[in-house]
1. Evaluate the following for residue 45: is it in a loop (DSSP other than H, G, I, E, B), modelled with pLDDT of 50 or more and loosely packed, with under 12 Cβ neighbours inside 10 Å?
2. Pick from 67, 73, 77: which is touching a strand residue (DSSP E or B) at 6+ places or on another chain (Cβ under 8 Å), closer than 15 Å to residue 137 by Cα and either modelled with pLDDT of 90 or more or surrounded by fewer than 17 Cβ atoms within 10 Å (Cβ to Cβ) (or both)?
């Protein structure tokens, strides 16, 4: 019943964005809303949803299982979608860490069956991450600047593969 109430509350709001193509799936597991702008999963007890407090601090690994750092914060756009994850990497014992704004769609939340925990996968090498333009924790970029967003997206979401694996040419 709770999921149905949530669906009834969300669907009219989606109708206001008539130009967007939206697919709503209501089933016993909850409500899943797919749109070009992003995805919202609202399901009672679903393991596919994560509170932001659980994502912040979550470890980041690449497809080889190498540690790439952790999520420090999330950047939400004006539509309420997670746009970037601020990932820390480098430094020593948390000092002099370099932060990176990585587009959320370049990341995948994965489950580690051995430890029964979750981690975020970013399919890049440590060298690629080290070569990326980062920022210090006390000087965040202006995420309202469209040119800055284009540069970030171009680095992390290359057209050839959508998930970078080597250094840019």
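1. no
2. The unique qualifying residue is 73.
For every residue, the table says whether it meets (1) over 16 Å from residue 86 (Cα atoms); (2) exposed (fewer than 11 other Cβ atoms within 10 Å of the Cβ); (3) in contact with a strand residue (DSSP E or B) (Cβ under 7 Å, 6 or more places away or on another chain).
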| residue | (1), (2), (3) |
| --- | --- |
| 116 | yes, yes, no |
| 120 | no, no, yes |
| 130 | no, no, no |
| 137 | no, no, yes |
| 146 | yes, yes, no |
| 149 | no, no, no |
| 152 | no, no, yes |
| 158 | yes, no, no |
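The values are calculated or read from the model by the stated rules, or taken from the named source; none is laboratory data. Note that the structure is a prediction, hence the values are computed from the model and not measured. Cβ atoms come from the backbone with ideal geometry, glycine included; neighbour counts cover every protein chain shown.
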